[in-house]
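These notes concern the structure reproduced below.
Nothing in this text is a laboratory measurement; each read-out follows from the coordinates by a stated rule. Here the structure is a predicted model, which is why all the values come from computation and not from measurement. Because the Cβ atoms are built from the backbone with ideal geometry, glycine has one as well, and the counts that use them run over all protein chains shown.
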Amino acid sequence: MAPTGTGFERKSVAIVGLGSIGGVIAGLLSAIDRYDIIACVRRPVERLTVERPEGGIEVPISSLTDPALAKPVDWVLLCTKTQDTAASASWLERLCGERTHVAALQNGIGHDERLAPFVGQATVVPTVVYYNGERLAPDRVRCRRAGDYDFAVSDDAAGQSFAALLDGTSMRVLVTGDFKTLAWRKLLINAVANPTSALTLQRNAVFRREDVTTLCLALLEEAAAVGRADGAQLAADEPEQSIARLLSVPADAGSSMYFDRLAGRPLEVEALTGAVVALGERHSVPTPLLRMLLTLTRAASEGAPLLPRRSV
Ligand SMILES: NC(=O)c1ccc[n+]([C@@H]2O[C@H](COP(=O)([O-])OP(=O)(O)OC[C@H]3O[C@@H](n4cnc5c(N)ncnc54)[C@H](OP(=O)(O)O)[C@@H]3O)[C@@H](O)[C@H]2O)c1
């Protein structure tokens, strides 16, 4: 934890996974110069550029590549794909003390259960991430924003601490009394739109096609029925609202699953479409279309890269 010798405590923040989402938040937190930021990475990085419509940021960044050198910190921001959570265990084990907060900047639901085996006594802070990140190079990310907020967190002590951590950055945090519904609302879109963009190899423009919209509406109906059975307060016209949200994202923005498919990386389908299908089974809600999407996306997840491998 940070020393307090001067009377002014600089909190320590470790970002595990300096990709599209981690790169943006690392850059924005570094820019306010309030915390000691350390990026936990597999390749060292010295500077980080965040491209934003309102103007870019370029900041120096300290990085660690060996988990054995990591020490307990005040905050861990876990920004890997969900399937890489277990692979991040060596970082989490060293970074977590009993006063540490671990914010999961990951899509999906059930963050507490996913992280519990790796964080000891630390407090897990589930988040919904709304901004769109794109890694352009190992030291360069682009941030696009859609909607009114960049994050949602629960209205409890841990969620409020996360909102306070981001004070002074341009990130807008919604502190909500119904986190479950917001997490499901995001999951609906991710479970349907991410595989659709990955399978069709198209950015958000694909959702402007009428036939794709019709198919997505049917998939969203299935997913919303599972969400309601799971306790989310989803509106009767939730699928239509989801389509409207999708269309509010710039046509040239791409989902991380789309970028992973291009690069031949494993697709984050189990925590998204897979989670909805599994919960459908548990709640006896039929999901035939989602099952088909899941099967095709699982198969695509094993595919070869479609672009020449770059350093990104
Ligand atoms: N991108 C978006 O717009 C967006 C929006 C909302 C939510 N999300 C969610 O946010 C989460 C992160 O997504 P992303 O798009 O930021 O993914 P990403 O661009 O692929 O970044 C993931 C990062 O994790 C790193 N990583 C993986 N295993 C690691 C390990 N063991 N140690 C250290 N670093 C490790 C990767 O490092 P390498 O570079 O070494 O591979 C990569 O830099 C996902 O759950 C995603 O669904 C994404």
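The length gained on full extension between Ala229 and Ile32, counted as 0.36 nm times the residue separation minus their Cα-Cα distance, comes to 66.7 nm. Residue separation of His283 and Glu9 scaled by 0.36 nm, minus their Cα-Cα distance, works out to 93.9 nm of gained length. Volume per residue for the chain equals 129 cubic angstrom (convex hull of Cα atoms). The helix-only estimate of mean residue ellipticity at 222 nm for the chain, built from DSSP H runs of length n ≥ 4 each weighted as -39500 (n - 2.57), is -11500 deg cm²/dmol after division by the residue total.
Just to verify a number: FRET efficiency for Ser62 and Asp112, C-beta to C-beta distance, R0 = 25 Å, to 0.05? E(calc), rounded to 0.05, equals 0.30. About the centre of its Cα atoms, the range 180-301 shows a dipole size close to 260 debye [charges on the beta carbon of Lys, Arg (+1) and Asp, Glu (-1) only; nearest 20 debye]. For the chain, the longest principal axis of the alpha carbon atoms and the long axis of helix 288-301 meet at an angle near 50°. Rounded, prolate or oblate: pick one for the range 148-197, where a ≥ b ≥ c are the square roots of the eigenvalues of its C-alpha gyration tensor, a/c under 1.5 means rounded, and failing that, prolate if a/b is larger than b/c, else oblate. Cα axes put the range 148-197 in the oblate bin.
Distance between the pseudo-spin-label points of Ala157 and Leu201 (7 Å out from Cα toward the beta carbon): 5.2 nm.
As a length-normalised measure over Cα pairs under 8 Å and 6 or more apart, the relative contact order of the range 180-301 settles at 38 percent. Listed values for the range 191-206 are Karplus-derived 3J(HN,Hα) couplings in whole Hz (6.51 cos²θ - 1.76 cosθ + 1.60, θ = phi - 60°), namely 5, 9, 6, 4, x, 5, 6, 5, 6, 8, 6, 10, 6, 4, 4, 4, and x replaces Gly and Pro.
Gain on full extension, evaluated as 0.36 nm per residue between Glu46 and Glu302 minus their Cα-Cα distance, stands at 88.9 nm. Cross-link reach is defined here as a Cα-Cα straight distance under 14 Å, omitting same-chain residues fewer than 8 places apart; for Lys71 the aspartates and glutamates meeting it are Asp36, Glu93, Glu98.
Converting phi to 3J(HN,Hα) with the Karplus coefficients 6.51, -1.76 and 1.60 and the offset θ = phi - 60°, the range 114-120 yields 5, 8, 3, x, 10, 10, x Hz in sequence order, with x at every glycine or proline. Each of Ala278, Val173, Leu105 was scored by the projection of its Cα onto the charge dipole of the chain, and the greatest displacement toward the positive side belongs to Leu105; charges sit on the C-beta of Lys, Arg, Asp and Glu.
Under the convention that each Lys and Arg Cβ holds +1 and each Asp and Glu Cβ holds -1, the size of the dipole of the chain around its Cα centre is about 780 debye.
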